[in-house]
Amino acid sequence: MLRIVVPLFLSLLCGTVAAEPLHGIAMHGEPALPADYKHFPYVNPDVKKGGKITYGVVGTFDNLNPFILKSMRTTARGMWDPDYGNLVYESLMQRSRDEPFTLYGLLAETVEWDDDRSFIQFNLNPKAKWADGQPVTPEDVMFTFELMRDKGRVPFANRLNVVAKMEKVGERGVRFTFNDKADRETPLIFGLFPVLPKHAIDPATFDRSSLTPAVGSGPYKVKTVKPGESITYERDPNYWGKDIPAKVGTDNYDQITVQYFLQDTTLFEAFKKGDVDIYPDGNPGHWANAYNFPAVTSGAVLKDVFTPKLPSGMLGFVFNTRRPIFADPKVREGLSLVFDFEWANKNLYSGAYKRTQSFWQNSELSSFGVPANAAELALLGPIKDKIAPEILDGTYKLPVTDGSGRDRNVLKQAVEQLKQGGYTIQGGKMLDGSGRQLAFEIMTQNADQEKLAVAYQRSLQTIGIAVSIRTVDDSQYQSRTNSFDYDMIMKSYTSSLSPGNEQLGRWSSAAKTREGSDSFAGAADPDLDTLIDHLLRARSAEDFTAAVRSYDRLLLSSHYVLPLYHMGQQWVARSKRIGHPDAVPLYGYQLPLWWDTSAQ
């Protein structure tokens, strides 16, 4: 007896006892749904499947591979898609859209990990199959990670950097043991990793653009491709996962088409004619005034308003700090003060928007209006000296102008900040010490962005700053943003209630020189790296909140982005033929759950 008990005792001390298989995992706390859950609470489990839908997007496509750098922003929508669903490729686990960051079984039926999250093991569902009927295997999973490392784009290419050992366990398991570069979010990020078929991919040609339909494990197959014009998917009648809980109530159409348009005005005209079934609208003036066409009057087109429970995110003009003119935060702060939100909101948007004051506004993760507590100050340490006192004590607020477009008091503040950055007004021009005028270009994507840029341009001109505006087509815009070839652009940084590894791609020093990353501002600050590490390693909800708030404060103090506006609603116009669930999950409406009410 003694020889049996002692090894067991030692194994408990060393943490080597096998972990219990789990149906789901959460970033903080436990999954909300039990192991025997039948479906997500925000779906219609009794939906009648069938029919079709047509989506419309502005842009073009020349590729069906969403995982490579070449054409990464011109891959056909729907292959691996946050809005329309992962129609062809699937991940190991499925995210619940009603919890901050919780995953449930998909290709992986169960998972195993330890309290320290030093490893994760994915146990594949024995029913999981590729569209050609072959089973999804652990070898496919390991092949995909290695292929992405060698040929994929970021962030997929970097995943194995945090892995000390990848191994097959038993018949259906794949275990990843992490090294010291991993953090507590890493296992969940691995759960969202796509899986590709080893038997159907040639690694030698994987990184080349291709319009050849691929073999996936998802609910749809590619039916027809018209390069740059449209792509149509058809339901796979033999889809392996249609009855697993995470997929009940989803993928409800027999056919999904994505139509491409050169301009949003053309897309909207197609929607008015009934050629497109869904039109998400983010323009207050357009939402209020553009829906007086016959289909709306007759009831054939309906307008829906959804209210998610998400942070505001950050939409703003982004300073490319790789450009010497934007290297000084005092200059960036001065330029930010010049923008007259009150004028733009009144004259361009009928007063529909609120000014954004934080990357996580409207949530407990936001630093706006909240003084830094002891936990935050402990995390910040000496970094707190880089943060503006008013941001640290929660009194910071962007200036409110008189709405004239040239508020003298606010412009005076801007000139003072620019003076600290080495610029003064001489002869009506804002000049540096060498007599060079402060000048830059704003690159825009469309008429709406251009309209806002023009308003900003006018205000800047009043204090002698020369700004040009260049609106480019989609392919040029994607190419130039991939290579960071711009002075200033408009970007939207979405925010969730569980920020994590995506922050590395946006704000870490390592991402600055990585083409195709989301490091649009080109930040390279070791203190930001430290604060990102804090939020990634937080164990409790309290520590996590403190970490995100302190991080929010440093981002705001650094003035990488000129904050613009947000609203707490989502607007979508739709054909009456398209239905959706009554429940609105935490993350707002979910298009993969909608259906064709005319399906027979």
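The values are calculated or read from the model by the stated rules, or taken from the named source; none is laboratory data. Because the structure is a prediction, the values reported are computed rather than measured. Please note: Cβ atoms are built from the backbone with ideal geometry, for glycine as well, and neighbour counts cover all protein chains shown.
For segment 63-122, a tally of residues being assigned to a strand (DSSP E or B) and acidic (D, E) returns 3. Among the residues making up segment 161-186, those that are buried (at least 18 other Cβ atoms within 10 Å of the Cβ) and farther than 23 Å from R539 by Cβ are R172, G173, V174.
Can you tell me which residue among D150, D114, D98, D132 is touching a Gly at 6+ places or on another chain (Cβ under 7 Å) and acidic (D, E)? Among D150, D114, D98, D132, only D114 is touching a Gly at 6+ places or on another chain (Cβ under 7 Å) and acidic (D, E). Of everything in segment 71-94 that is free of Cβ contacts under 8 Å to residues at least 40 places away in the same chain and more than 19 Å from A131 (Cα to Cα), the residue that is nearest to the chain's Cα centre (by Cα) is P82.
Residue-level check: of (1) buried (at least 18 other Cβ atoms within 10 Å of the Cβ); (2) within 19 Å of the chain's Cα centre (by Cα); (3) touching a residue at least 60 places away in the same chain (Cβ under 8 Å), K512 misses just (1).
Of everything in segment 483-495 that is surrounded by fewer than 17 Cβ atoms within 10 Å (Cβ to Cβ) and not in a strand (DSSP E or B), the residue that is modelled with the lowest pLDDT is T494. Would you check if L452 is farther than 30 Å from L262 by Cβ and either aliphatic (A, V, I, L, M) or surrounded by fewer than 16 Cβ atoms within 10 Å (Cβ to Cβ) (or both)? Judged against the criteria, L452 is not a match.
A352: hydrophobic (A, V, I, L, M, F, W, C) and either without any contact (Cβ under 8 Å) to a residue 12 or more places away in the chain or touching an Asp or Glu at 6+ places or on another chain (Cβ under 7 Å) (or both), yes or no?
no
Considered as a group, the residues in segment 497-532 that are touching a Gly at 6+ places or on another chain (Cβ under 9 Å) and among the polar types (S, T, N, Q) include one that is farthest from T321 (Cα to Cα), and that residue is T530.
From the list D236, D254, D281, D304, exactly one residue is at pLDDT 95 or above, out of contact with any helix residue (DSSP H, G or I) (no Cβ under 9 Å at 6 or more places or on another chain) and under 30 Å from L497 (Cβ atoms). Which is it? It would help to see each step written out before you state the result.
Values: D236 fails: under 30 Å from L497 (Cβ atoms); D254 fails: under 30 Å from L497 (Cβ atoms); D281 fails: out of contact with any helix residue (DSSP H, G or I) (no Cβ under 9 Å at 6 or more places or on another chain).
So the residue among D236, D254, D281, D304 that is at pLDDT 95 or above, out of contact with any helix residue (DSSP H, G or I) (no Cβ under 9 Å at 6 or more places or on another chain) and under 30 Å from L497 (Cβ atoms) is D304.
Which residues, taken from segment 266-292, are of a type in the set (V, I, T) and out of contact with any Gly (no Cβ under 8 Å at 6 or more places or on another chain)?
Scanning segment 266-292 gives a single hit, T266.
The listed residues are Q357, Q417, and the only one of them that is in contact with a Lys or Arg (Cβ under 8 Å, 6 or more places away or on another chain) and part of a loop (DSSP other than H, G, I, E, B) turns out to be Q357. Looking only at residues of segment 425-438 that are out of contact with any helix residue (DSSP H, G or I) (no Cβ under 8 Å at 6 or more places or on another chain) and part of a strand (DSSP E or B), we find that the one that is surrounded by the fewest Cβ atoms within 10 Å (Cβ to Cβ) is Q426. Scanning segment 439-472 for residues that are under 23 Å from R322 (Cα atoms), among the hydrophobic types (A, V, I, L, M, F, W, C) and outside any loop (DSSP other than H, G, I, E, B) gives A439, F440, I442, M443, A453, L460, A466, V467, I469. Within segment 162-186, the set of residues being under 19 Å from G500 (Cα atoms), part of a strand (DSSP E or B) and of a type in the set (S, T, N, Q) is empty. Residues of segment 131-152 that are out of contact with any strand residue (DSSP E or B) (no Cβ under 9 Å at 6 or more places or on another chain) and surrounded by 21 or more Cβ atoms within 10 Å (Cβ to Cβ): G152 alone.
Of all the residues in segment 156-184, those that are in contact (Cβ under 8 Å) with a residue 60 or more places away in the chain and closer than 26 Å to N65 by Cβ number 1.
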